[in-house]
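Any read-out appearing in this document is the output of simple, stated calculations on the displayed coordinates, not a laboratory observation. Since the structure is predicted, the reported quantities are computational estimates derived from the model, not experimental observations. Here the Cβ positions follow ideal geometry from the backbone for every residue, glycine too, while neighbour counts run over all protein chains shown.
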Amino acid sequence: MQQAIVIAVAPQRSAFAVETSSGLCAVFCQHSGPPVRAGDVLQGEVLARGARRLSHEDGTVGAVGDSGPVSRAVALALLEEAGASGNGR
């Protein structure tokens with residue numbers, strides 16, 4: 001199990017990007033669970049594509065991995081197309 005921080009969200013598409021401590025990123029589309037916000041910590045298979053259940057402090061997030069692992073620049077560009085908001089740290 002890996003841990004990652006949500007670096008940006010695109011609420012219109014229920015999409016979000018995460019970054020691991022090693023700098024690898026992934027983009028997910030959320031289909032269930034608590035709202036995900038920039039700065040949230042998620043645990044699970046955070047760099048995998050396909051259907052995933054990720055642990056969140058407020059419960060379990062159901063999401064589909066769209067792309068990963070990718071660079072931060074690629075992840076943010078994918079979310080920018082969807083109107084992302086976040087800190088992009």
Every residue from the range 16-37 that is in contact with a strand residue (DSSP E or B) (Cβ under 8 Å, 6 or more places away or on another chain), of a type outside the set (Asp, Glu) and closer than 16 Å to residue 73 by Cα: 16, 17, 18, 20, 21, 24, 25, 26, 27, 28
Restricting to the range 9-30, what's the tally of residues that are under 16 Å from residue 69 (Cβ atoms) and touching a residue at least 60 places away in the same chain (Cβ under 8 Å)? 2
Filtering the range 1-32 down to residues that are closer than 15 Å to residue 55 by Cβ and exposed (fewer than 15 other Cβ atoms within 10 Å of the Cβ) yields 1, 3, 32
